[in-house]
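These notes concern the structure reproduced below.
The values are calculated or read from the model by the stated rules, or taken from the named source; none is laboratory data. The structure displayed is predicted, hence computed values, not measured ones. Positions of Cβ are backbone-derived with ideal geometry, glycine not excepted, and every protein chain shown enters the neighbour counts.
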Amino acid sequence: MTTVAELLIEALAEHGVTQVWGVVGDALNPVTDAIRREDRIEWVGVRHEEAGAFAASAQAQLTDDLAVCMGTVGPGAIHLLNGLYDAKKSHAPVLAICGQVPREEMGSDFFQEVDNDALFADVAVFNRTVTSIDQLPLLIEQAGNAALQERGVAVLTLPGDVGGLDLPRHTPVPRFVAERPPAAPDAEAVRRAAAALNAAGRVTLLVGMGARHARAEVLELADRLAAPMVLSLKAKEGLEEDNPFEIGQSGLIGNHATKVAFDDCDALFLVGTDFPYKEFLPEGKTVVQLDVRGTHVGRRITVDHPLVGDARLGLEALLPLLEPKEDRGLLEKTRSSYLDWREGQLHFADPDYERKPVGLLRRKVDNPEGRVRPELLAAMIDRHADADAVFTSDTGMSTVWLSRFLRMTGTRRLIGSYNLGSMANAMPQALGAAGLDRDRQVVAFCGDGGLSMLMGDLITAVSHELPVKLVVFDNGRLGMVKLEMEQVGLPEFGTVLHNPDFAKVAEAVGMRGLRVEDPHDVEDAVRETLAHPGPVLLDVLTNPDEIAVPPKPTLEQGWGFAIAKSKEFVASAE
């Protein structure tokens, strides 16, 4: 006979799921026991369910296929929520298997009972509780198919007395449908958009991850329109390398060239992006938007010509209708500005920067303790990491330095909580990436606040032999919050972190730990970190007052910094 739990795990194995992330416990004991007896699936026991959900989200994003996490009754299921919201907002197909109290106790406010159907109502595209074997195998198939087809989170809840129930003989193994044939935009809408682009003088492209699979078409589009190409952070992967039209990112991680490209264009063409920061987008332009999700069109900026469909198919239909533009002035102007900016940024990546006249002056202003510039650390990682490495980054300043100094060359991959914006995602997402391929280099850009929030799962890297390289930008601050406060004239408050020596913490749990305080030791430490065969934590003490200037700093922001710094000086003197 086959039990409910065995059928579920066999279905996942048949689909190709290789790992399940979670914490064992009561209601799901039959499920973990089924995993124990299934050679095709590895159980990865984490120290916090949130880490397991983040890991599964990363795996789903990297494979574009179903990933699985588990949390048992009540608190175990609740702990999954943040990682599952990351999966939801990243459109990652994740199945969460959750426990529940036995059926006869449901609704009685039993020990640890929570209403899973209510708990997961907002995060899940599918959310059902199995109460009868008659619901199987259809309920399992619906859960998996919903996650795969709607690119979101499916929650399947098993009461404590259900997982071990026997099923009738010859109950078919559930099968999931992963295929999602792409659709092209409406032909007439394409013709209208082409006419508008042909009529426009200068065009700027804003390109997102939804166009990564259409690299050749996007490059041809930029060439045909003589258009500078602003990339979203997630579009760095696949579209940044060998791209003569790329001018970096916009928003707080951006540079001045992107502002010029937006301000001086006549038409803005958004391709596969849901870039959320409206204040950085231009006004009064003709706007074309191509997106596979119609719900994304027009929700950030008023769109004159919507195109709903796959990016590659849409551009294949559009390109023959576009007239080549002779005026390449905007492209050349912004591209030159961008390259000059990048070259200027590299000055901060010189370990001897502060021994030179300009650097010596700046050190007295913003780095009197002579700490490592975070730009140097990010640049060394870029220089020495593998061409096929997977990178993750915590939300905050570590993502800023990644965006500016890490080039997505070769087949490098990039994962982060770039839609939810959660703390503590980089390390567990790196665990998930390493679980897919222990021979592939995985590097996490960790903030000290993010790492310490889920620090217990350093043990998971050791116990499951996941060879992650965790690089901690240890500035003793919640850096992005500090920056936000100072921009509006507030002195930093509540942002200081009293950190341990993270390298010693790593060594205490069995991981290789390194600590760097001198800029001249950074490169060798990065080399050693990346060369080590097992998990490593590199703790680098970085400058807490390093400022990432946005592409269009305002007078108010400048006054804000000045006022904030004066208040901080007075407070430190009291």
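Please find, among Glu10, Glu38, the residue that is assigned to a helix (DSSP H, G or I) and more than 28 Å from the chain's Cα centre (by Cα).
Values: Glu38 fails: assigned to a helix (DSSP H, G or I).
Result: Glu10 is the single residue among Glu10, Glu38 that is assigned to a helix (DSSP H, G or I) and more than 28 Å from the chain's Cα centre (by Cα).
For segment 333-340, check the following and say yes or no: at least one residue is at pLDDT 90 or above, touching a Pro at 6+ places or on another chain (Cβ under 8 Å) and polar (S, T, N, Q). Within segment 333-340, one or more residues are at pLDDT 90 or above, touching a Pro at 6+ places or on another chain (Cβ under 8 Å) and polar (S, T, N, Q).
All of (1) under 33 Å from the mean Cα position of the chain (by Cα); (2) at pLDDT below 95 hold for Leu376 with one exception: (2). Scanning segment 269-297 for residues that are farther than 19 Å from Ala311 by Cβ and either in contact with a helix residue (DSSP H, G or I) (Cβ under 6 Å, 6 or more places away or on another chain) or not in a loop (DSSP other than H, G, I, E, B) (or both) yields Tyr277, Lys278, Glu279, Phe280, Pro282, Thr286. Restricted to segment 66-80, and to residues there that are surrounded by fewer than 24 Cβ atoms within 10 Å (Cβ to Cβ) and out of contact with any Gly (no Cβ under 7 Å at 6 or more places or on another chain), the residue that is nearest to Phe176 (Cα to Cα) is Ile78. Of the residues making up segment 533-549, those that are surrounded by fewer than 24 Cβ atoms within 10 Å (Cβ to Cβ) and within 14 Å of Ala461 (Cα to Cα) are Pro533, Gly534. Applying the condition of being loosely packed, with under 12 Cβ neighbours inside 10 Å and either free of Cβ contacts under 8 Å to residues at least 60 places away in the same chain or aromatic (Phe, Trp, Tyr) (or both) to segment 310-348 and asking which residue is nearest to Arg191 (Cα to Cα) yields Pro320. Evaluated against (1) part of a helix (DSSP H, G or I); (2) free of Cβ contacts under 8 Å to residues at least 24 places away in the same chain; (3) surrounded by fewer than 22 Cβ atoms within 10 Å (Cβ to Cβ), Ala146 falls short on exactly one condition, (3). Helices (runs of 4 or more DSSP H) fully within segment 154-268 that include at least 3 residues being of a type in the set (A, V, I, L, M, F, W, C) and touching a strand residue (DSSP E or B) at 6+ places or on another chain (Cβ under 7 Å): 187-199, 215-225. Which count do you get for residues in segment 147-162 that are in contact with an Asp or Glu (Cβ under 9 Å, 6 or more places away or on another chain) and either at pLDDT below 95 or under 30 Å from Gly107 (Cα atoms) (or both)? Result for segment 147-162: 5. Restricting attention to segment 236-265, the residues being surrounded by 24 or more Cβ atoms within 10 Å (Cβ to Cβ), more than 15 Å from Met209 (Cβ to Cβ) and aliphatic (A, V, I, L, M) number 3. Filtering segment 104-131 to residues that are assigned to a helix (DSSP H, G or I) and either loosely packed, with under 14 Cβ neighbours inside 10 Å or in contact (Cβ under 8 Å) with a residue 60 or more places away in the chain (or both) leaves Glu104, Ala118.
Can you say whether Gln135 is surrounded by 15 or more Cβ atoms within 10 Å (Cβ to Cβ), under 34 Å from the mean Cα position of the chain (by Cα) and either among the β-branched types (Val, Ile, Thr) or assigned by TED's automatic domain parsing to the domain that holds Leu81 (or both), as far as the supplied structure shows? If you could, list the steps in order and put the result at the bottom.
Working: surrounded by 15 or more Cβ atoms within 10 Å (Cβ to Cβ): yes; under 34 Å from the mean Cα position of the chain (by Cα): no; either among the β-branched types (Val, Ile, Thr) or assigned by TED's automatic domain parsing to the domain that holds Leu81 (or both): yes.
No, not satisfied.
The numbered conditions (1) closer than 22 Å to Val540 by Cα; (2) surrounded by fewer than 23 Cβ atoms within 10 Å (Cβ to Cβ) are all true for Arg373 except (2). Pairing residues of segment 351-362 that are part of a helix (DSSP H, G or I) with residues that are among the hydroxyl-bearing types (Ser, Thr, Tyr) and surrounded by fewer than 10 Cβ atoms within 10 Å (Cβ to Cβ), at Cβ distances under 7 Å and at least 6 apart in sequence or on separate chains, gives no pairs at all.
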